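**Student:** Before we start, here is the structure in question, set down as structure tokens.
The values are calculated or read from the model by the stated rules, or taken from the named source; none is laboratory data. Bear in mind that the values here come from a model prediction, so they are computed numbers and not experimental data. Every residue, glycine among them, receives a Cβ derived from its backbone with ideal geometry; neighbour counts consider all protein chains shown.
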Amino acid sequence: MSEGTDRLIDRLAADARPVRVLAPPLRRALLLLAFMGAVALVAILTMGDMDMLRARYSGREWMMFAETAAMLATGALAVTGAFFLSIPGRSRRWLAAPLPAAVLWIALSGMGCWRDLVRHGSDGWSLGHSSDCLLFILGVSAAFGIPLFWRLSRSAPIDPLRVALLAGLGTAAMAAFLLQFFHPLAVTFMDLGVHIAAILIVIGAASLLRGRMLARAEA
Amino acid sequence: MEVELSGTEENWGVLLAAAQAGDAEAYRQFLHAILPFLRSVARARTRGDELAEDVVQDALLTLHRVRHTYEPGRPVKPWLAAIAARRAIDAMRRRGRQTSREVHDPGAYETFAGEQANAGEAGEAKEELARRMGELTPKQKEALELVKLKEMSLVEASAESGQSVASLKVNIHRAMKKLRLGQSRDEGG
């Protein structure tokens, strides 16, 4: 046995102070999602415009439910996956868990855009309130991201990139879900492009800042 | 805590749970018991490379830092294997980066045959090096001395200096950069 390793073990054992064991990742994820859900609910009830949402999807309510549910599922699965991947040895399949819901979400949004393009011709390409949407997604992602990354940093992830990717996708999808209740007009292809760009910006920023944001906050 | 060291995974879980509660002896037993497993993962990941023992030590340090993430009652091996595998990947990447920056140049070691032929240059080089070393911060100097001159492993240097492994790496990198920059300035000017 290497002498250095022996000395190291003695040193680590001498530092064996009690530690607070983390709760299971599913419980921690559900708590955080409940917090996000409560914040979203208050925002929707106080500032959201349900009439506008219904008007946008008039005659195709199933689409409204399916698209909104796909966004919510993407966000919830990505956030839950981030908690699981922050623990060593948990299944890497969590990295792919939100992808089917994300693909469904983008496909349904694309279908809606196509429908508008057929109905309104070139107006279906126009830039609606894209800059507002971009700011909305970035702002809400940051607001959701702070408590999420704070909770994730408790596990000091050994592979922070994967955790940051999922956490970024989770917050951006939650922000897009919330945007549904504040979007004044039907989403055009240009809007959809801006939404996707905003989500990619959030994921990129989360990945770049992972070292700082996932550095363990000492308990 | 009295737990027989039979090396079964179940015992590892019991020992680690006791360590989480602050039992130093259980923790020491646990760390010794898992060494063969950590070494086998490290060797497999580094293809039997001499890096394996560094990976084991790095994994032990990481394990210490994240020991609160082990959920008592769950299998220990996947948790341990993930930590060791991650540290092995990091070590291999680090070495890959170093190898891509360093060039084998046998000519660099050629010199004149006469004993006194290089004395003047050697003296100047010594003074120059001393001057550049003087520009380093105390922590950079300490990191360089322990790891590069005394050839300690990062973990040993960390224990000796009290600097974390990450700080040591950063300080060595910055020190080497300063020394190299000084050299290129001299060559350029």
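**Student:** Please work out if B:ALA42 is buried (at least 19 other Cβ atoms within 10 Å of the Cβ), within 12 Å of chain A (Cβ to nearest Cβ), at pLDDT 90 or above and more than 23 Å from B:ALA157 (Cα to Cα).
**Tutor:** On the way: buried (at least 19 other Cβ atoms within 10 Å of the Cβ): yes; within 12 Å of chain A (Cβ to nearest Cβ): yes; at pLDDT 90 or above: yes; more than 23 Å from B:ALA157 (Cα to Cα): no.
It is false that B:ALA42 is buried (at least 19 other Cβ atoms within 10 Å of the Cβ), within 12 Å of chain A (Cβ to nearest Cβ), at pLDDT 90 or above and more than 23 Å from B:ALA157 (Cα to Cα).
**Student:** In addition: Within segment B:51-61, work out how many residues are more than 9 Å from chain A (Cβ to nearest Cβ) and without any contact (Cβ under 8 Å) to a residue 60 or more places away in the chain.
**Tutor:** 4
**Student:** Output the number of residues of segment B:12-63 satisfying the condition of being outside any helix (DSSP H, G or I) and either polar (S, T, N, Q) or in the same structural domain as B:SER153 (by TED's automatic domain parsing) (or both). Outline the logic, then answer.
**Tutor:** Taking segment B:12-63 and keeping what is outside any helix (DSSP H, G or I), we get B:21-23, B:46-51.
Checking the rest, the ones that are also either polar (S, T, N, Q) or in the same structural domain as B:SER153 (by TED's automatic domain parsing) (or both) come to B:46.
Summing the residues that are outside any helix (DSSP H, G or I) and either polar (S, T, N, Q) or in the same structural domain as B:SER153 (by TED's automatic domain parsing) (or both) in segment B:12-63 gives 1.
**Student:** Filter segment A:31-55 down to residues that are among the β-branched types (Val, Ile, Thr) and surrounded by 13 or more Cβ atoms within 10 Å (Cβ to Cβ) and give me whichever is nearest to the other protein chains (Cβ to nearest Cβ). Steps first, please.
**Tutor:** Quick first cut of segment A:31-55, residues among the β-branched types (Val, Ile, Thr) only: A:39, A:42, A:44, A:46.
Narrowing the set further to residues that are surrounded by 13 or more Cβ atoms within 10 Å (Cβ to Cβ) leaves A:39, A:44.
Working: A:VAL39: 27, A:ILE44: 35 Å.
That would be A:VAL39.
**Student:** Filtering segment B:22-34 down to residues that are among the aliphatic types (A, V, I, L, M) and surrounded by fewer than 22 Cβ atoms within 10 Å (Cβ to Cβ), which residue is nearest to the other protein chains (Cβ to nearest Cβ)? Walk me through how you get there before you give the answer.
**Tutor:** Kept after step one, since they are among the aliphatic types (A, V, I, L, M), are these residues of segment B:22-34: B:24, B:26, B:31, B:33-34.
From what is left, the residues that are surrounded by fewer than 22 Cβ atoms within 10 Å (Cβ to Cβ) are B:24, B:33.
Values: B:ALA24: 4, B:ALA33: 11 Å.
Within segment B:22-34, the match that is nearest to the other protein chains (Cβ to nearest Cβ) is B:ALA24.
**Student:** For A:ARG28, all conditions in the list (1) within 14 Å of chain B (Cβ to nearest Cβ); (2) at pLDDT below 95 hold save one; what is the number of the exception?
**Tutor:** Here A:ARG28 clears every test but (2).
**Student:** Please give the number of the condition A:VAL19 fails out of (1) within 14 Å of chain B (Cβ to nearest Cβ); (2) exposed (fewer than 11 other Cβ atoms within 10 Å of the Cβ).
**Tutor:** Against the list (1) within 14 Å of chain B (Cβ to nearest Cβ); (2) exposed (fewer than 11 other Cβ atoms within 10 Å of the Cβ), A:VAL19 comes up short only on (2).
**Student:** Return only the number of the condition from (1) in a helix (DSSP H, G or I); (2) surrounded by 13 or more Cβ atoms within 10 Å (Cβ to Cβ); (3) over 14 Å from the mean Cα position of the chain (by Cα); (4) within 14 Å of another protein chain (Cβ to nearest Cβ) that A:PHE83 does not satisfy.
**Tutor:** With respect to (1) in a helix (DSSP H, G or I); (2) surrounded by 13 or more Cβ atoms within 10 Å (Cβ to Cβ); (3) over 14 Å from the mean Cα position of the chain (by Cα); (4) within 14 Å of another protein chain (Cβ to nearest Cβ), A:PHE83 is out only on (3).
**Student:** Restricting attention to segment B:62-86, report how many residues are more than 7 Å from chain A (Cβ to nearest Cβ) and within 16 Å of B:PRO36 (Cα to Cα).
**Tutor:** So the count comes out to 6.
**Student:** A further question on this structure: Name every residue in segment B:67-84 that is free of Cβ contacts under 8 Å to residues at least 24 places away in the same chain and crowded, with 22+ Cβ neighbours inside 10 Å, in order of residue number. I'd like the intermediate steps shown before the answer.
**Tutor:** Within segment B:67-84, the first condition is being free of Cβ contacts under 8 Å to residues at least 24 places away in the same chain, and the residues that meet it are B:69, B:71, B:78-79, B:82.
Listed by number, the residues that qualify are B:THR69, B:TRP79.
**Student:** So B:ALA19 fits all but one of (1) farther than 24 Å from B:SER167 by Cα; (2) surrounded by 22 or more Cβ atoms within 10 Å (Cβ to Cβ); (3) more than 7 Å from chain A (Cβ to nearest Cβ); what number is the exception?
**Tutor:** Unmet condition: (3).
**Student:** Residue by residue through segment A:65-122, note down the ones that are within 22 Å of A:ARG162 (Cα to Cα), of a type in the set (Val, Ile, Thr) and touching a Gly at 6+ places or on another chain (Cβ under 9 Å).
**Tutor:** A:THR74, A:VAL79, A:THR80 - these are the residues of segment A:65-122 that are within 22 Å of A:ARG162 (Cα to Cα), of a type in the set (Val, Ile, Thr) and touching a Gly at 6+ places or on another chain (Cβ under 9 Å).
**Student:** Just to check your reading of the model, which residue among B:ALA130, B:ALA159, B:ALA166, B:ALA143 is among the aliphatic types (A, V, I, L, M), in a helix (DSSP H, G or I) and either in the same structural domain as B:ALA91 (by TED's automatic domain parsing) or more than 13 Å from the chain's Cα centre (by Cα) (or both)?
**Tutor:** Answer to the selection: B:ALA130.
**Student:** Give me a count of the residues in segment A:38-63 that are without any contact (Cβ under 8 Å) to a residue 60 or more places away in the chain and closer than 17 Å to A:GLY110 by Cβ.
**Tutor:** Residues flagged as without any contact (Cβ under 8 Å) to a residue 60 or more places away in the chain and closer than 17 Å to A:GLY110 by Cβ within segment A:38-63 amount to 4.
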